[in-house]
Amino acid sequence: QVQLVESGGGLVQAGGSLRLSCAASARIFSAYGAGWFRQASGKEREFVASISWSGGSTAYAESVKGRFTISRDNAKKMVYLQMNSLKSEDTAVYYCSVRLPGRLWDSWGQGTQVTVSS
């Protein structure tokens, strides 16, 4: 399994921005697709955004389209999530994940808490 470590969470006011980072230990990180998920208190984990191995293809949940941007730096083995125009409903623990093509999301970080105050 790939080791993942998220950082960058915190407390921010509604309308503010945060940038989450995820450091990966994969030897060939560029072989993996990467994604961000989140889990609010009392709710199931949900998909937020994903990016292909090359960075050429991205996908977003409808709730974050136009506000969040996922990116990656394969040389640094990093994945990022730029979050703008944050809303109280974005409050959750955010998790980074990676997967090989055609495989399930099966490597997870410990998560980073994002709290948006209204």
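The values are calculated or read from the model by the stated rules, or taken from the named source; none is laboratory data. This structure is a prediction, so every number in the text was calculated from the model and none was measured. Backbone-built Cβ (ideal geometry, glycine too); neighbour counts: all protein chains shown. Ligands, DNA and RNA are excluded from the accessible area calculation, which covers all protein heavy atoms including side chains. Shrake-Rupley method; radii C 1.70, N 1.55, O 1.52, S 1.80 Å.
Go through segment 53-74 and report how many residues are touching a strand residue (DSSP E or B) at 6+ places or on another chain (Cβ under 8 Å), at pLDDT 95 or above and open to solvent by less than 70 Å² (accessible area, probe 1.4 Å).
Here the count works out to 12.
Of everything in segment 75-108 that is open to solvent by less than 30 Å² (accessible area, probe 1.4 Å) and outside any strand (DSSP E or B), the residue that is farthest from Ser17 (Cα to Cα) is Asp90.
Residue-level analysis places Ala23 among those that are open to solvent by 20 Å² or more (accessible area, probe 1.4 Å), of a type in the set (A, V, I, L, M, F, W, C) and over 21 Å from Ser117 (Cα atoms). Within segment 27-52, if we keep just the residues that are at pLDDT 95 or above, aromatic (Phe, Trp, Tyr) and under 16 Å from Val2 (Cβ atoms), the residue that is surrounded by the fewest Cβ atoms within 10 Å (Cβ to Cβ) turns out to be Phe37.
Scanning segment 1-23 for residues that are in a strand (DSSP E or B) and modelled with pLDDT under 95 yields nothing.
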